[in-house]
Structure formats: C-alpha cells, structure tokens
Amino acid sequence: MKLEHLFRNHPLRALRALRALEADPDDLPQVFTIISNLPGFSGERLLERMRASAMGRSLLARRPNIAADLADRAALGRLPEGSVGRAYLDFVTRAGISAQGIAEASELGRAPREDAEPDLLFAADRTRDTHDLWHVVTGYETDIIGELSVLAFSYAQVKSPGVLLVLALGLYRLDPEHRRVILQGYRRGRSAAWFPELDWETLLSRPLEDVRKELGVGAPVHYVPLTTAELRSTGELGPRARAA
C-alpha cells in the first residue's frame with residue numbers, strides 16, 4: 001500500500017454527501033460519493049486479497065463482464081427455477097432496478113479514478129456490479145433495512161470507511177430492533193465466504209439454497225421492511241429528525 005493512496009480520501013466531500021443522504025435516503029449517487037471519497041485502503045486490500053487466491057487471480061486475468069450477464073434477462077429467464085440467476089431476475093424485476101442503473105448512479109457520485117490501476121478498477125467495478133447478487137444470496141430486500149444490512153455485510157468483507165459512515169448514519173437514526181437486523185448482517189458477512197472473489201458467472205445456474213449453504217450465509221433473516229415513504233410520512237427525514 002502506498003501513502004499517496006491516503007490522499008484519495010476527501011472526508012469533507014463525504015460528509016457533505018452524508019448530509020444530502022440524510023435528507024434523501026433514496027439519493028443513490030450520494031452513497032457512491034461517500035464511498036468513493038472515503039475509501040481508506042479498502043481498494044488496495046481488496047486487490048491484494050484477490051491476487052493472493054487462485055480464483056481471484058483467474059478473475060483478474062480473464063476479466064469476465066458480470067454486468068453483461070446480469071443485463072441479459074432473456075438468458076436469465078432460461079435458467080432453472082430456484083437458481084441464483086432466476087432469483088436475481090425476480091429480485092430486480094420486482095424492485096424495478098438493474099445492474100446498469102447502479103453503475104450509472106456510481107458514475108454520477110464517484111470520485112475521479114484516472115490514476116487507479118486497471119486491476120483495481122476491475123475489482124471495484126465487479127464488487128459494485130454484483131451488489132444485487134449479494135442481496136439475493138443474503139435474502140435482504142431493497143428497503144432501508146435491507147440495504148443497510150447488505151452494506152453491513154459488505155463492510156465485514158471489504159472494510160470500506162465510506163460504507164461504515166453510511167452505516168453509522170443508519171444505525172443512529174433507527175430503532176434497536178432494526179439495528180439488531182443490520183448488525184446481524186455484519187456478523188453474517190464475517191462468517192461467510194469472501195464474495196468479491198466468487199465465480200458468480202458459474203453460480204448463476206446453481207440452486208440458490210445450495211449456494212447459500214456453501215457460502216455460509218445461512219437462511220434469510222426475517223425483518224419488517226422500512227421504506228423512505230414511511231419515514232417521510234412520519235416526518236423523520238431531514239437533518240433535525242429525531243432518532244427512532
């Protein structure tokens with residue numbers, strides 16, 4: 001790790017984005033602004049770990065485009081019922097989202113990356129592009145609690161300071177029961193297989209329940225979803241909103 005990597009951190013930009021996110025939790029580009037402006041050494045650690053494993057080295061050599069596979073909904077629809085790929089298709093269709101949409105939001109909020117090495121860009125983009133696969137395998141939905149739980153799972157795996165800052169905002173604002181669910185996501189992330197180096201292209205056709213067992217994520221967690229619409233209806237959005 002090089003000292004100059006630390007100067008990629010821009011905490012004031014991250015804090016400004018955090019205030020905007022507090023006012024509007026649906027503003028996805030602000031999440032990427034926070035994460036990309038407060039990376040710490042998480043990207044370098046991610047790349048080092050990928051280079052240290054056979055599967056990680058294979059991914060870096062082959063550079064598969066998982067985003068293209070996830071965008072091919074016709075191919076996903078031909079996968080077996082109960083497979084990871086079919087569950088992913090159901091998930092994004094139900095939520096009205098796509099891997100391309102996440103990529104576009106990340107580009108809007110991301111700090112400049114001209115000096116980043118190609119392997120690091122690939123590792124970061126692949127982790128971003130598989131975000132909704134993490135949702136599918138862990139069983140969390142796209143509501144506030146589900147997103148924060150996946151971020152907690154992600155923090156356990158990649159240790160991004162920006163992710164931790166977003167989590168801190170959520171934990172501060174939410175009630176103890178929701179905090180319990182989110183912190184459980186962190187514990188699941190610590191005990192599970194390391195997601196950034198997984199061969200997701202192969203896993204798409206595998207039975208979801210088998211994959212969950214093999215990766216050690218356990219059964220999906222039951223929780224009561226919380227939407228931003230519910231927060232707005234109670235007046236709990238905004239910088240002066242009370243903690244629940």
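The values are calculated or read from the model by the stated rules, or taken from the named source; none is laboratory data. Everything numeric here is computed off the predicted structure, so don't read it as measured data. Reconstructed Cβ throughout: ideal geometry from the backbone, glycine too, with neighbour counts over all protein chains shown. Quick note on the areas: whole protein, heavy atoms, side chains included, nothing else; ligands and nucleic acids left out. Shrake-Rupley method; radii C 1.70, N 1.55, O 1.52, S 1.80 Å.
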ask   = Scanning the chain for trypsin sites (Lys or Arg not before Pro) in DSSP loops with at most 15 other Cβ atoms within 10 Å, what's the longest stretch left with none?
value = 160-239
ask   = Ignoring ligands, DNA and RNA, what percent of the 1.4 Å accessible area of the chain is carbon and sulfur?
value = 58 percent
key: MRE, 222 nm, helices only [DSSP H, n ≥ 4, -39500 (n - 2.57), over the chain, to nearest 500]   = -19000 deg cm²/dmol
ask   = So what is the relative contact order for the stretch 66-157, in percent, with contacts set as C-alpha pairs under 8 Å and at least six apart?
value = 29 percent
key: Residue-normalised accessible area of the stretch 39-107, given per residue in Å² at a 1.4 Å probe   = 50 Å²
remark   = Probe 1.4 Å, heavy atoms of protein chains only: per residue, the accessible area of the stretch 114-230 in Å² is 41 Å²
key: Long-range amide H partners of Ser83 with built H, under 5 Å   = Leu208
query = Under a 1.4 angstrom probe, counting protein chains only, how are Glu147, Glu214 ranked by accessible area, largest first?
reply = Glu214, Glu147
